[in-house]
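The values are calculated or read from the model by the stated rules, or taken from the named source; none is laboratory data. Every value quoted in this text rests on a predicted model; they were computed, and no experiment measured them. Backbone-built Cβ (ideal geometry, glycine too); neighbour counts: all protein chains shown. The accessibility values were calculated without ligands, DNA or RNA, using every heavy atom of the protein model including side chains. Shrake-Rupley method; radii C 1.70, N 1.55, O 1.52, S 1.80 Å.
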Amino acid sequence: MTLRSVILGTGSYLPKKKVTNDELSQYLDTSHEWIVERTGICARHIAAEGEYTSDLAVKAAQQALEAAHLTPQDIDLIILGTCTPDHTLPATATRVQAKLGMTKGIAFDQAAVCSGFIFALATADAYLKQGMAKTALVIGAETMSRVIDWNDRSTAVLFGDGAGAVVLQAQKETDRGILGSLLRTNGAGYDSLCTTGGPSTTQTSGFVKMSGRDVFKNAVQSLGEAVEEILKIHDLSQDELDWLVPHQANKRIIDATAKKLGLPDEKVIHTGAEQANTSAASIPLALDKAVRDGRIKKGDLVLCEAFAGGYAWGSTLIRM
Ligand code: UT7
């Protein structure tokens, strides 16, 4: 009997502190107008001192569990998509496991930068379909503010902190759930979006540096292909899509993908203006927002997509 990974609940968390473009313009050679025109971003949330990726992840996870009417004891798998772990080792997911009070199962991190949630979701889906776990928490959580050089205007204006989570459960005989995922990487893009350091190279985490134009060009091209290909694989037409829930790196990239799909803007979930690019957290944050405000409903067909450093990109089709 075919098993499907069904989303039972979503949750999210944003740190209290919010920093606007105008605040950044006070010390950086930038402006609200430049940032909005090039990215669509107006503000970003920043984690407080002593508030770590695991703390954000736990809050989002608790909300998702509550929405699913489950407790941590019902979970036997946690996959955390993050590129800003609390420590280099061990996996931050194990800290989340402990903080939630979950004592069984498996917990590990998935590193695919801004595509971390899509990769984690596909991995959890495979675990559930193979019977290796029954009920999973899939989380995207980041403290990007800790790997940003706040004096580099080309990156400081782009990122924010936050977390989003979903509870996934293996169910039989249902039309709902993850229909499929398409994941791709191309290591030739490694240097185009990376940090200036790492444990094995500089023994520091370093700061994000990016060849913005190269990443932009590759993102538009690869995402266009990834969304068309996944629809073709599942024999679905663009008209059947109810929602596009994209990674929120840049409004112009999202608009290009929606145009390729022929989707009107009303069917696209945007959160970038108030949250900026929260890397692996942006898709579950956007999904949770649209579920909670009643736009995304049970039975809707949702397409998620992300492009990231690596390069690593992908798309996922979900019947909610
Ligand atoms: O989430 C992972 C994936 N990441 C992405 O998808 C990001 C993809 N890239 C982008 O979103 C865009 O490339 C950026 C938003 C990062 C940059 O926009 P752009 O239109 O590609 O600008 P650019 O990098 O070509 O820079 C244009 C100009 C440059 O000045 P000159 O050389 O033309 O004089 C930059 O120095 O804008 C300058 N600039 C800024 N000016 C004001 C760069 N950053 C800023 C800034 N404020 N914050």
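Do the conditions hold for Gly197, that is, is it small (Gly, Ala, Ser) and either away from the ligand (no atom under 12 Å from the Cβ) or in the same structural domain as Ala281 (by TED's automatic domain parsing) (or both)?
Against the criterion (small (Gly, Ala, Ser) and either away from the ligand (no atom under 12 Å from the Cβ) or in the same structural domain as Ala281 (by TED's automatic domain parsing) (or both)), Gly197 qualifies.
Identify the single condition in (1) open to solvent by 60 Å² or more (accessible area, probe 1.4 Å); (2) more than 29 Å from Val58 (Cα to Cα); (3) in contact (Cβ under 8 Å) with a residue 60 or more places away in the chain that Ser192 does not satisfy, given that it satisfies every other one.
(1)
Report yes if Gly180 is within 14 Å of the ligand (Cβ to nearest atom) and assigned to a strand (DSSP E or B), otherwise no.
no
How many residues does region 151-177 hold that are within 13 Å of the ligand (Cβ to nearest atom) and open to solvent by 80 Å² or more (accessible area, probe 1.4 Å)?
The qualifying residues number 2.
Quick check on region 19-77: of everything there that is among the small types (Gly, Ala, Ser) and open to solvent by 20 Å² or more (accessible area, probe 1.4 Å), which residue is farthest from Thr155 (Cα to Cα)?
Ala67
Do we have Val208 as hydrophobic (A, V, I, L, M, F, W, C) and closer than 23 Å to Leu301 by Cα here?
Criteria not met by Val208.
The rows are residues; the columns are (1) open to solvent by 50 Å² or more (accessible area, probe 1.4 Å); (2) within 14 Å of the ligand (Cβ to nearest atom).
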position	(1), (2)
Thr88	yes, no
Thr92	no, no
Val113	no, yes
Tyr127	yes, no
Thr135	no, no
Val138	no, no
Arg184	yes, no
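Of all residues being more than 11 Å from the chain's Cα centre (by Cα) and not small (Gly, Ala, Ser) in region 140-150, which is surrounded by the most Cβ atoms within 10 Å (Cβ to Cβ)? Just the residue, please.
Taking the candidates together, the pick is Thr143.
Over 30 Å from Asn21 (Cα atoms), of a type in the set (S, T, N, Q) and open to solvent by less than 10 Å² (accessible area, probe 1.4 Å): does that describe Thr103?
So Thr103 fails the test.
Kindly indicate whether Ile233 is under 19 Å from the mean Cα position of the chain (by Cα) and of a type outside the set (S, T, N, Q).
no
Does region 12-24 hold any residues that are out of contact with any helix residue (DSSP H, G or I) (no Cβ under 6 Å at 6 or more places or on another chain) and within 14 Å of the ligand (Cβ to nearest atom), and which are they?
Val19, Thr20, Glu23, Leu24
Can you report the number of residues in region 25-54 which are without any contact (Cβ under 8 Å) to a residue 12 or more places away in the chain and away from the ligand (no atom under 16 Å from the Cβ)?
2
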